[in-house]
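As structure tokens, the structure follows; a few thoughts come after it.
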Amino acid sequence: MSSSDSTPALRQRRQALIKQLERLEPFVLRGSLIERFKRCGKPGCKCAQGPGHGPKYYLSVSLPGARPEMDYVPVEYSQQVSEYLHNFQQVRQLLEQICNINRELLRRRVKF
């Protein structure tokens, strides 16, 4: 998008973005998927010499003014959680583009 785009072109671009947003899966998660390997501490366990037991997955969500929250994610859900995190990023990117178009329309003093 550039400020030289016509107003009708901006409106068309915004409508296309809204349609993309509507087609996205409604399953979204905000945060990060963290993969960890842990050592159990038992003498003679193979984890003491290697990377540890795992991988174990955790969803980490940071909230303003609070410590990050960590939720255990069973291995069988890790792929699904990863997809939901990706969906959130897509929604966020589309909304950012829509907001930029709306700001440009506001600068031009045209009705959105």
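The values are calculated or read from the model by the stated rules, or taken from the named source; none is laboratory data. Source: prediction; values computed, not measured. Here the Cβ is made from the backbone with ideal geometry for all residues, glycine too, and neighbour counts use every protein chain on show. These area figures cover heavy atoms from the full protein model, side chains too; ligands, DNA and RNA do not enter into them. Shrake-Rupley method; radii C 1.70, N 1.55, O 1.52, S 1.80 Å.
Could you state the accessible area per residue of the chain in Å², with a 1.4 Å probe and every protein chain left in place?
74
Glu96 to Arg108: extension gain in nm, 0.36 nm per residue of separation minus the Cα-Cα distance?
Result for the pair: 2.5 nm of gain on full extension.
Could you compute the FRET efficiency for Val28 and Val75, with r as their C-beta to C-beta distance and R0 at 25 Å, rounded to 0.05?
Computed FRET efficiency for Val28 and Val75 comes out at 0.75.
For the chain, divide the Cα radius of gyration by the Kirkwood radius and give the resulting Rg/Rh value with two decimals.
Rg divided by Rh gives 1.24.
Leaving out ligands, DNA and RNA, what percent of the accessible area of the chain is carbon and sulfur, probe 1.4 Å?
That share works out to 52 percent.
Which far-off residues, 5 or more places away or on another chain, put their amide H under 5 Å from the one on Val73, with H placed in the peptide plane?
For Val73, whose amide H was placed from the backbone, the distant partners under 5 Å are Tyr57, Tyr58, Leu59.
Tell me the mean residue ellipticity at 222 nm calculated for the chain from its helices only (DSSP H runs of n ≥ 4, each -39500 (n - 2.57), averaged over every residue, nearest 500).
Dividing the helical sum by the residues of the chain leaves -16000 deg cm²/dmol.
Take every Cα pair under 8 Å in the chain that's 6+ residues apart, average their separations, divide by the length, and report that relative contact order as a whole percent.
In percent, rounded to a whole number, it is 30.
On alpha carbon coordinates alone, what is the Rg over Rh value for the stretch 48-96, Rh being the Kirkwood radius?
1.11
Give the cross-link partners of Lys19 among the aspartates and glutamates, using a straight C-alpha distance below 17 Å as the criterion and excluding same-chain residues fewer than 8 apart.
Counting by Cα, and skipping residues close in sequence, Lys19 has these aspartates and glutamates nearby: Glu96.
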